[in-house]
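So the structure is just underneath, and the comments pick up after that.
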C-alpha cells in the first residue's frame, strides 16, 4: 500500500510540476512594458492563452506601423485563457478585425513581436474612433475597460525597421 501511495504522490507531483512550468513567465522581460494602441488583425481564442494579434498605430494615430516592405508590423499580446478572458468581455466577437484597442505588454526576451499582458489594463475604443495623437483608448469617451488594471506609463517602443 505504501508503494502505491508513493507512486501516486510522484505522479501528482509530476503533473503539478508540468502545469507550473507551463505557466512560467520567464520568457517575458518583466523589466519592460510597452503600451500599444493598435488595430486587431485576429484573435486566437485558445483555451490556455487567448492571443490578440494587432498592428500598432503610429503616434499620430493615422496609420498602422509598417516594415520596410510596406507590410503591417504585427504584434501579439498573450492573455489568460479564453474562458477567463470572456468574463472580461474579450472574445472573438467583441474584438473583431479592425477594432482599435490599447494594452500594455511585457515583451518577449527573444525579440519577437509579442508579449504578455501581465497586470496591464486593456481598453477598447468605440467603433470608428481612434485616440488623439499620442493618447490611448483609456482617454477616449465611451471606451470600455476589459479586466482589471490601468495602462502603465510604458517604455519607449522598439523602432520599426527602416
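The values are calculated or read from the model by the stated rules, or taken from the named source; none is laboratory data. Since this is a predicted model, take the numbers as computed values, not measurements. FYI the Cβ positions are ideal-geometry reconstructions off the backbone, even for glycines, and counts take in every protein chain you see.
Return the total of residues in segment 103-123 being in a loop (DSSP other than H, G, I, E, B) and either out of contact with any strand residue (DSSP E or B) (no Cβ under 8 Å at 6 or more places or on another chain) or more than 15 Å from residue 37 (Cα to Cα) (or both).
Looking only at that region, the number is 6.
For segment 63-95, the set of residues classified as touching a strand residue (DSSP E or B) at 6+ places or on another chain (Cβ under 9 Å) and on the phi > 0 side of the Ramachandran plot consists of 89 only.
On inspection, residue 121 fails the criterion of being touching a residue at least 24 places away in the same chain (Cβ under 8 Å) and at positive phi. Listed conditions (1) surrounded by 15 or more Cβ atoms within 10 Å (Cβ to Cβ); (2) at pLDDT 95 or above are all met by residue 126, apart from (1). Picking from residues in segment 41-60 that are part of a loop (DSSP other than H, G, I, E, B) and either closer than 19 Å to residue 89 by Cα or in contact with a strand residue (DSSP E or B) (Cβ under 7 Å, 6 or more places away or on another chain) (or both), the one that is modelled with the lowest pLDDT is 47.
Every residue, every condition in (1) over 18 Å from residue 39 (Cβ atoms); (2) surrounded by 17 or more Cβ atoms within 10 Å (Cβ to Cβ); (3) in contact with a helix residue (DSSP H, G or I) (Cβ under 9 Å, 6 or more places away or on another chain); (4) at pLDDT below 95, yes or no:
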{"site": "76", "(1), (2), (3), (4)": "no, yes, no, no"}
{"site": "79", "(1), (2), (3), (4)": "no, yes, yes, yes"}
{"site": "97", "(1), (2), (3), (4)": "no, no, no, no"}
{"site": "141", "(1), (2), (3), (4)": "yes, no, no, no"}
{"site": "157", "(1), (2), (3), (4)": "no, no, no, yes"}
{"site": "162", "(1), (2), (3), (4)": "yes, no, no, yes"}
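Filtering 26, 38, 98 for residues that are at positive phi and either touching a strand residue (DSSP E or B) at 6+ places or on another chain (Cβ under 6 Å) or in a loop (DSSP other than H, G, I, E, B) (or both) leaves a single hit, 98.
Counting the residues of segment 66-87 that are more than 14 Å from the chain's Cα centre (by Cα), outside any helix (DSSP H, G or I) and without any contact (Cβ under 8 Å) to a residue 40 or more places away in the chain gives 4.
Restricting 133, 126 to those that are closer than 25 Å to residue 71 by Cα and assigned to a loop (DSSP other than H, G, I, E, B) reduces the list to 133.
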